[in-house]
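Before any comments, here is the structure.
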Amino acid sequence: MTGISQHRSKITKPLMERRRRARINAYIGQLRALLIQAGATTSCQSSKLEKAEILEFTVRHLRAQHCPSTDHVSDEWSRLRFCAGYAACAREVTRFFRTTGAHPSAGHHDRHPNTSQMPDPLTHARVWRPWS
């Protein structure tokens, strides 16, 4: 009996593989049609898309559709990040003027008319820099 089952397996295995590939190709064809219909492809020759490109465009399109960052949420997030950055910058400028004793409205020459009386920048208060 094992000889018959092996023979049947040798015949049915390639047939099953052909059916599986035919199903995969049919679904990839449907994905191609859906992507073209949705306008998710930017390729000039949409009918000549490779299978890998179809899958890539499908993944990109699905991520764009299901991504929680829609435009209004993204705009709000950008606005909040800008406000937080602006506030942090204002605090840093205020801290700098407090530690140096300088006044923001005073010009450089008004504070130190003689350059020999200018404080040495290396011994003066250390200023925070993001790259250091």
Scanning region 87-101 for residues that are open to solvent by less than 60 Å² (accessible area, probe 1.4 Å), free of Cβ contacts under 8 Å to residues at least 12 places away in the same chain and more than 34 Å from the chain's Cα centre (by Cα) gives F97
Residues that are modelled with pLDDT of 75 or more and closer than 30 Å to N25 by Cβ: find the helices (runs of 4 or more DSSP H) completely inside region 47-132 holding 3 or more of those. 51-66
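The values are calculated or read from the model by the stated rules, or taken from the named source; none is laboratory data. Owing to the predicted nature of the structure, the values given are computational and were not obtained by experimental measurement. Cβ atoms come from the backbone with ideal geometry, glycine included; neighbour counts cover every protein chain shown. When the accessible area is computed, the model is the full protein with side chains, heavy atoms only, and any ligands, DNA or RNA have been set aside. Shrake-Rupley method; radii C 1.70, N 1.55, O 1.52, S 1.80 Å.
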